[in-house]
Amino acid sequence: MNPFFSLVKWLFKAAIFFTLFAFALNNQADVTVHFFFGYQWTSPLVMVVLISFAGGLLLGILGMVPRWWQQRRHAKRNAAQAKAPSAQTLPTSDETLTHGL
């Protein structure tokens, strides 16, 4: 890889990190999250946002896992079928191979 693009990639990562770090520093005020039955939780706003993001990420991954497993099963089945030659693709002894001429 070109060293210039490597440097640009690291600068982009640093810019994202410092932007998120500044967001965290600017959102240190305490907020109260009210749950059901009178339960409440008080925490800095950045922690609430981070936990909400992580929870959404976890729910998204858990929602995709069954589909991933199904695709893996289909891929394994297709790979097993590709390895085993089927009777339809092999020529029989009474068939003659022609070249179209």
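The values are calculated or read from the model by the stated rules, or taken from the named source; none is laboratory data. The model shown is predicted, which means the values in this text are computed figures rather than measured ones. Note: ideal-geometry Cβ built from the backbone for every residue, glycine included; neighbour counts use all protein chains shown.
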Among what's in region 9-28 and is in contact (Cβ under 8 Å) with a residue 12 or more places away in the chain and assigned to a helix (DSSP H, G or I), pick the residue that is surrounded by the most Cβ atoms within 10 Å (Cβ to Cβ). Ala24
Cβ-Cβ under 6 Å pairs, at least 6 apart or on other chains, region 57-85 side at positive phi, far side surrounded by 10 or more Cβ atoms within 10 Å (Cβ to Cβ) and of a type in the set (Asp, Glu): none
Give me a count of the residues in region 29-54 that are loosely packed, with under 10 Cβ neighbours inside 10 Å, at pLDDT 90 or above and of a type in the set (A, V, I, L, M). 0
